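The structure under discussion appears below in the form of structure tokens.
Since every read-out is calculated from the coordinates, none of them should be taken as a lab result. Treat the numbers as computed from the prediction; the structure is a model and nothing was measured. Quick reminder, even Gly has a Cβ in these numbers, built from the backbone with ideal geometry, and neighbours come from all protein chains shown.
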Amino acid sequence: MTSSRIADRVRRIKQSPSSAAAERAAELRRQGKDIVNLVVGEPDFDTPAHIRHAAAAAIEAGQTRYTATAGTPALRQAIAAKFKRENGLDYAPNEIIATCGAKHAIFNALAITVQSGDEVLVPAPYWVSYPDMVLACDGTPVIVPCVEADGFKLTPTTLERAITPRTKWLILNSPSNPTGATYTIDELRALAAVLERHRQVLVMTDDIYEHIRFGDQPTPHLLNAAPALRERTLLVNGVSKTYAMTGWRIGYAAGPADLVGALDILQSQSTSNPSSVSQAAALAALTGDQSFVAEFAEVYRRRRDRGLALINAIPGLSCRTPDGAFYLFINCSGLLGRTTPEGRVLESDIDVVMYFLESTGVALVAGTAYGLSPYMRMSIATSVETIEEGCRRMAGAVAALR
Ligand code: PLP
């Protein structure tokens with residue numbers, strides 16, 4: 001097949017670097033290499049039993065047909081109740097749409113709004129898919145660097161400087177993949193004050209890691225800080241990370257009726273409803289026992305603490321303490337300029353990641369994939385033993401550098 005058959009909007013984009021890294025690690029493992037996989041971006045827990053049983057019961061009860069495009073009334077009601085209960089936000093079921101994962105909601109939200117020339121502000125480090133999704137929708141991703149000294153967070157000044165008359169969206173992801181950085185309510189208020197002055201800017205909040213958090217307070221939402229932004233904010237969330245349901249593909253979006261209506265139309269002419277069985281499972285997740293959500297977070301917190309201690313003990317590596325999500329975003333600037341036993345000088349985070357993979361079988365993702373170097377993302381959605389083994393091998397590989 002020649003590349004000319006493929007439309008520009010697809011030729012502009014590339015495979016997700018984290019999927020590529022995960023596939024590379026799996027490939028090496030198939031070849032018999034002993035790989036410590038610290039790439040994974042999904043919970044390592046099984047979907048809780050009551051959720052699985054609800055799905056099985058839905059199949060037996062014949063819930064195997066098309067549903068309303070935007071999701072069953074029961075699921076949308078449960079999502080509305082979740083917003084009220086957990087976020088103190090009021091959304092009616094007709095302001096909510098269920099989608100095939102949060103990723104689908106984000107993509108479709110860009111597809112229904114972005115025109116050629118529109119700019120979308122993507123604070124970096126960012127989740128790998130945002131810029132490519134913007135490109136696929138004919139928009140221009142505007143990467144806004146958020147440096148470690150600012151806690152990898154957008155500041156009012158950096159936000160103000162990035163906004164132009166063409167700015168269509170700001171995407172805000174808190175807790176963040178890959179840094180775990182989480183905005184406080186005061187930080188959100190300060191960003192909202194800037195947004196108040198630029199009424200053309202829509203805000204997409206990607207709240208998928210809301211419950212993977214290490215403090216005892218709920219994750220604050222932009223709309224808690226600035227309710228006036230409700231008319232131009234689209235909330236995106238889903239069950240993948242909170243309920244260990246990545247494969248079920250249920251996300252959702254809530255926002256003003258015109259945006260949600262357009263999402264509904266696009267979905268009706270593309271995927272139709274998300275899987276009816278998965279919707280039944282998501283309903284059980286949102287309405288059932290929530291106690292394991294805090295238990296999962298506590299397991300991640302222990303892994304974070306162990307991983308942080310081990311990484312920060314390796315000379316040349318350092319890591320800020322993430323507030324949430326299940327990743328460590330490790331600064332590897334201290335290794336640049338060093339020479340491997342094979343005589344290769346490490347010049348970038350890609351070199352460092354390749355060195356760890358080739359020399360010790362530790363698989364990570366280079367920070368460049370997330371728009372900020374020199375860093376590497378290490379997943380902690382894996383056992384403490386795996387984290388310890390990965391860090392032990394990294395320490396050995398660093399010790400072998402000249
Ligand atoms: N948003 C962020 C920041 C993510 O890290 C991910 C998954 O890795 C998603 C969205 C996608 O979630 P879903 O599985 O619901 O599509």
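A few notes on this one:
- Loop-located trypsin sites (Lys or Arg not before Pro) in region 294-367 (DSSP state not H, G, I, E or B) with no more than 14 neighbouring Cβ atoms inside 10 Å: R344.
- Top positive-direction residue, dipole computed over the chain with Cβ charges, set T164, G151, A57: T164
- Applying both filters, DSSP loop and at most 16 other Cβ atoms within 10 Å, to the trypsin sites (Lys or Arg not before Pro) of region 176-209 gives R197, R199.
- Computed [θ] at 222 nm, deg cm²/dmol, the chain (DSSP H ≥ 4; -39,500 (n - 2.57); rounded to nearest 500): -12000 deg cm²/dmol
- Across the chain, Cα-Cα distances exceeding 31 Å account for 39% of all pairs.
- In range of the label at R12: residues from region 91-114 whose backbone nitrogen is under 11 Å from the point 7 Å along Cα→Cβ: 114
- Dipole in debye (nearest 20) - region 77-155, about Cα centre, beta carbon charges: Lys, Arg +1; Asp, Glu -1: 360 debye
- Taking the average, over residues, of other Cβ atoms within 10 Å as the packing measure, peptides 144-153, 360-369 rank 360-369, 144-153 from highest down.
- Overall, the chain carries a charge dipole of about 480 debye about its Cα centre when +1 sits on the Cβ of Lys and Arg and -1 on the Cβ of Asp and Glu, all other atoms neutral.
- Distance between the C-alpha centres of region 256-296 and region 147-176: 28 Å, rounded to the whole angstrom.
- Measuring nothing but how far apart in sequence close Cα pairs (under 8 Å, 6+ apart) lie, relative to its length, region 283-402 scores a relative contact order of 26 percent.
- For the pair A20 and D150, the difference between a 0.36 nm per residue extended length and the Cα-Cα distance amounts to 43.9 nm.
- Scoring 98-104, 24-30, 76-82 by mean Cβ neighbours within 10 Å over their residues and listing the highest first yields 98-104, 76-82, 24-30.
- Computed FRET value (nearest 0.05) for K33 with T184, which takes r as the C-beta separation and R₀ as 30 Å: 0.10
- Candidate lysines for bridging to K241, where Cα separation is under 27 Å - those fewer than 8 sequence places away on the same chain excluded: K14, K82, K84, K103, K153
- Averaged over residues, the count of other Cβ atoms within 10 Å places the peptides 51-60, 379-388 in the sequence 379-388, 51-60, highest first.
- Computed from Cα positions, the angle between helix 49-60 and the longest principal axis of the chain comes to roughly 50 degrees.
- Fully extended contour minus Cα-Cα distance, from H53 to A228, at 0.36 nm per residue: 58.9 nm
- Candidates per chymotrypsin sites (Phe, Trp or Tyr not before Pro) in region 63-104, loop by DSSP, up to 11 other Cβ within 10 Å: Y66
- Residues considered: S240, S291, S275. Largest GNM mean-square fluctuation over the chain, using C-alpha springs under 10 Å, is found at S291.
- Simple spin-label estimate for E42 and S333 gives 3.6 nm between the two label positions (7 Å along the Cα-to-Cβ direction from each Cα).
- Three-way shape label, region 264-319, alpha-carbon gyration tensor, a/c 1.5: oblate
- Net charge contributed by nearby residues that have their C-beta within less than 13 Å of A78 (K/R +1, D/E -1): +3
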